[in-house]
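The values are calculated or read from the model by the stated rules, or taken from the named source; none is laboratory data. Just so it is clear, the model here is predicted, and its values are computed rather than measured. Every residue, glycine among them, receives a Cβ derived from its backbone with ideal geometry; neighbour counts consider all protein chains shown.
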């Protein structure tokens, strides 16, 4: 593939150094004397658990935060960034874990948002759209330039962020969990592109919780823990276990579901159809049954109906036809709160949009749906002592790290927010659990804990639909694996007999029978 030319011609960066960086927030020392550097022609991976200080460090390099102490040097010269615009002009781009997009604007408008008027000849939307299409084709990042961001799935929004950085021609690119929503083949293609960029002299910072990706793509690894550098090593000198010990200070448990006897069908979906945000049909006759004490993993490329299916099951999206049964009762037309009372729990894909209220406290978020429960009321009044005791017990039981029950949820790390949502949903002892991307953007320690809780819930008799774009997660936890493509279930296979190749072919639209033949 020929080298992609930069549009606005930032100078090529040879070496970036961050020296003795200190960053404080109220009550938190996020970075403590951190030293980090990246050179042209290398991928430097940055590892650490949620809250270790990785994103904070990189946000300083991108101009979102200003260091309290220390300095940033580009090619030996100190620089000060007052905003991301300064970093972009210096040749630095960042692909954020939590997207920096305006939902009410189109893809093309988001890509050029913030560029100065001196580039006006290049900012005609038709010109921009053509360039986006070129980048989409060159990098395998399919996205419609005219689509509004609010219409896009999480995976498609991630693609827009990648295109945005490529469009601006950054010499150094910070990639924060860039593969979280990609299929194995897409990851392979992305890595081929990244390696090409490195060979052409780009400098890349790669933040990921997927250790096998770090081992494959990076040249060096720096591990942060509690805001401090634990060490920087050449990747080829490290093993996966070495990285785990540096990150969490201990060996990780091996998670594996034990065989259990399944119960009766708890969730039954019959010929379910639904429309998407763009007015086209996205679910085209879904049929699925999940038994008690069973996890069915739903695998598929982002944007093939997973989000819409989860929303239909939870009551956030109306089905156009078909039926949903919980135990023997039809819940197709029930509102969300009645589904909750019937025994359904939901861990949403976008935790900060659908799962929690940023400004509410930890305790308030725990009672979003249960504040009127007789257990927590005295007549018409809330029983605050009982609510506080319950919230404290949930925080301890689910190991949520928080300064206090009154801490705003927005101040917690992603892994702790996810644990909080998990605590709220599982506390009701649900009959059916819809878990959509439960470990996306979550560190290795929190992922281990969430996997353990899901398996415990399965063993207690709950029927679980696990929607994930992480095939390793699907294959680790599921009893059976269903593959979705363009709103259709391509087939359902047993975990032990299914291969990655077979699942990957089905994710690309190949029937189960043909995929089985091709993989043999």
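List of remarks:
- Test: residue in segment 373-384 that is at pLDDT 80 or above and in a loop (DSSP other than H, G, I, E, B): no
Residues checked against (1) more than 25 Å from residue 246 (Cα to Cα); (2) buried (at least 17 other Cβ atoms within 10 Å of the Cβ):
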residue: 54; (1), (2): no, yes
residue: 72; (1), (2): yes, yes
residue: 79; (1), (2): yes, no
residue: 82; (1), (2): yes, no
residue: 88; (1), (2): yes, yes
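- None of 326, 272 is surrounded by 17 or more Cβ atoms within 10 Å (Cβ to Cβ), touching a strand residue (DSSP E or B) at 6+ places or on another chain (Cβ under 7 Å) and more than 24 Å from residue 508 (Cβ to Cβ) except 326.
- Residues located in segment 24-36, provided they are farther than 12 Å from residue 54 by Cβ and surrounded by 13 or more Cβ atoms within 10 Å (Cβ to Cβ): 24, 28, 29, 32, 33, 35
Per-residue answers, yes or no, for (1) assigned to a strand (DSSP E or B); (2) touching a helix residue (DSSP H, G or I) at 6+ places or on another chain (Cβ under 7 Å):
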residue: 18; (1), (2): yes, yes
residue: 23; (1), (2): yes, yes
residue: 44; (1), (2): yes, no
residue: 60; (1), (2): no, no
residue: 65; (1), (2): no, yes
residue: 88; (1), (2): no, no
residue: 101; (1), (2): no, yes
residue: 110; (1), (2): no, yes
residue: 126; (1), (2): no, no
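- Qualifying residues in segment 507-520 (those that are without any contact (Cβ under 8 Å) to a residue 24 or more places away in the chain and in a helix (DSSP H, G or I)) - the one surrounded by the most Cβ atoms within 10 Å (Cβ to Cβ): 516
Residue-wise test of (1) surrounded by fewer than 21 Cβ atoms within 10 Å (Cβ to Cβ); (2) at pLDDT below 80; (3) over 20 Å from residue 115 (Cα atoms).
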position	(1), (2), (3)
150	yes, no, yes
160	no, no, no
167	no, no, no
170	no, no, no
176	no, no, yes
188	yes, yes, yes
193	yes, yes, yes
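- For segment 351-363, taking the residues that are in contact with a strand residue (DSSP E or B) (Cβ under 9 Å, 6 or more places away or on another chain) and surrounded by 15 or more Cβ atoms within 10 Å (Cβ to Cβ), the one that is nearest to residue 431 (Cα to Cα) is identified as 355.
- All of 434, 474, 464 fail the test of being over 18 Å from the mean Cα position of the chain (by Cα), touching a residue at least 40 places away in the same chain (Cβ under 8 Å) and closer than 28 Å to residue 158 by Cα, apart from 464.
- Test: residue in segment 372-381 that is under 25 Å from residue 463 (Cα atoms), surrounded by fewer than 19 Cβ atoms within 10 Å (Cβ to Cβ) and under 26 Å from the mean Cα position of the chain (by Cα): no
- Criterion: assigned to a loop (DSSP other than H, G, I, E, B) and modelled with pLDDT of 90 or more - qualifying residue of 429, 401: 429
- Taking the criterion of being more than 23 Å from the chain's Cα centre (by Cα), surrounded by fewer than 18 Cβ atoms within 10 Å (Cβ to Cβ) and within 18 Å of residue 168 (Cα to Cα), the residues of segment 132-148 that qualify are 133, 134, 137, 138.
Residues are listed down the side, and each one gets a yes or a no for (1) over 19 Å from the mean Cα position of the chain (by Cα); (2) assigned by TED's automatic domain parsing to the domain that holds residue 187; (3) closer than 22 Å to residue 418 by Cα; (4) surrounded by fewer than 24 Cβ atoms within 10 Å (Cβ to Cβ):
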position: 460; (1), (2), (3), (4): yes, no, yes, yes
position: 485; (1), (2), (3), (4): yes, no, no, yes
position: 490; (1), (2), (3), (4): yes, no, no, no
position: 493; (1), (2), (3), (4): yes, no, no, yes
position: 498; (1), (2), (3), (4): yes, no, no, no
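- Listed by position, the strands (runs of 3 or more DSSP E) enclosed by segment 198-285 that each have at least 3 residues that are over 29 Å from residue 432 (Cα atoms) are 203-207, 220-225, 228-234.
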